[in-house]
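Worksheet: the structure to be examined is printed underneath.
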Amino acid sequence: MNTRKLFRLFGIVLVAMTLGAPVSAAERIKDLASISGVRDNQIVGYGIVVGLDGSGDQTTQTPFTVQSIINMLGNMGVAMPPGTRLQLRNVAAVMVTANLPPFVRPGQQIDVTVSSIGNARSLRGGTLIMTPLKGADGQVYAMAQGHLFVGGIGAEGVGASQVTNHLAAGRIPNGATVERAVPTSLGQGEYITFELRETDFGTVRRVVDAINMATANGVAQALDGRSIQVRAPMDPTDRVAFIGRLENLMVTPEQQAARVIVNARTGSVVMNQRVTLQNVAVAHGNITVSIGTDTTVVQPPPFSGGETAVVQQGRIEIDEPQVSFINVPESASLSDVVTALNAIGATPTDLVSILQAMRAAGALRAELEII
């Protein structure tokens, strides 16, 4: 027999109103937008990590590691006799990745990430052999080499096996030297373009107004809900100073749309404070969720001079077998629903299904994004 839990939330709570969204604070333009064409470029390479303490690839299952070692030794003048079978335990094949920042010049150093592509148990203590890093055009833009830093501790023993971090990937700070620069243009002709990180027509209008007030009217104009074209000086020194001044202008962005992000793998739910709920009842398997409002009339004490008030109390009902206790905060919001469902042991799949049903029924007034 189902155990019915009724939660009555005291206080004036309107289920259909926003959850106390605060006024947005002013932010710098550089935090809201970037300059068109000024971006990172990804580079990648295939390399070999040596010096591992017996935790490298099992070469019987990763023949590409053996082939890589033979090719590397051949390039160094070491010829392996035909039919030689190498038994390598201190070597691992890896992919090396990095981001090439804008305006970087040859000779500068950047960080690289090294990740195992074989079955190595750990890259701790290894050294990456010189690896060329290429861009999407096939050109070599950097050379990586150095000692890996792998965080975390792996412990194994009789009756104990513990790993507190992922040991198959590590980083080399300043591990790559830039060999080729990527041409980066700072605008086109006399114009530069600011691009908002998120499309918002209201924020674009505010950025245009802020730039025109700080410079001259007509310098900035909106192209669409994300792009702002600004007339800038032609001299490179003046242009850099001009952009630096604009990036530090303060703008108060518009409130973002209501949004709920659900991670279907972990069951994590993240929402902003503009999410609203309407009255709804959802049945999913043996779980029933009902959200509504109760209206009561509150009479003032005699001779107090007060007025009769109508109080709306948010109500959440959870119906599921073998429920002993569910703690619901004092507000009828989506977070209460999620908390209650987690308390009764709902799986991430149940949570996603219920939120999708609420969104389809129009009770969840927010964008639902599942990752």
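Computed quantities for the displayed model
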item: Some residue of segment 102-110 being within 24 Å of the chain's Cα centre (by Cα) and within 30 Å of Val204 (Cβ to Cβ); result: yes
item: Residue in segment 317-371 that is farthest from Leu277 (Cα to Cα), counting only those that are modelled with pLDDT of 70 or more and in a strand (DSSP E or B); result: Ile370
item: Extreme residue, surrounded by the most Cβ atoms within 10 Å (Cβ to Cβ), among residues of segment 172-198 that are of a type in the set (Ser, Thr, Tyr) and modelled with pLDDT under 90; result: Thr184
item: Residue list for segment 31-70, restricted to those being closer than 21 Å to Ala142 by Cα and assigned to a helix (DSSP H, G or I); result: Ser68
item: Hits in segment 194-214 - residues which are closer than 18 Å to Asn248 by Cβ and in contact (Cβ under 8 Å) with a residue 12 or more places away in the chain; result: Phe194, Glu195, Leu196, Arg197, Thr203, Arg206, Val207, Val208, Ala210, Ile211, Ala214
item: Test: residue in segment 147-163 that is in the same structural domain as Phe64 (by TED's automatic domain parsing), out of contact with any Lys or Arg (no Cβ under 7 Å at 6 or more places or on another chain) and modelled with pLDDT of 90 or more; result: yes
item: Selection count where residues are exposed (fewer than 11 other Cβ atoms within 10 Å of the Cβ) and touching a residue at least 12 places away in the same chain (Cβ under 8 Å), scope segment 50-78; result: 2
item: Listing of strands (runs of 3 or more DSSP E) fully contained in segment 206-272 that carry 2 or more residues being β-branched (Val, Ile, Thr) and either at pLDDT 95 or above or touching a strand residue (DSSP E or B) at 6+ places or on another chain (Cβ under 6 Å) (or both); result: 227-231, 259-262, 269-271
item: Tally, over segment 101-112, of residues that are at pLDDT 95 or above and either in a strand (DSSP E or B) or within 13 Å of Asn41 (Cα to Cα) (or both); result: 4
item: Top-ranked residue of segment 164-186 - restricted to ones that are touching a strand residue (DSSP E or B) at 6+ places or on another chain (Cβ under 7 Å) and assigned to a loop (DSSP other than H, G, I, E, B), ranked as nearest to Pro233 (Cα to Cα); result: Leu186
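The values are calculated or read from the model by the stated rules, or taken from the named source; none is laboratory data. Treat the numbers as computed from the prediction; the structure is a model and nothing was measured. FYI the Cβ positions are ideal-geometry reconstructions off the backbone, even for glycines, and counts take in every protein chain you see.
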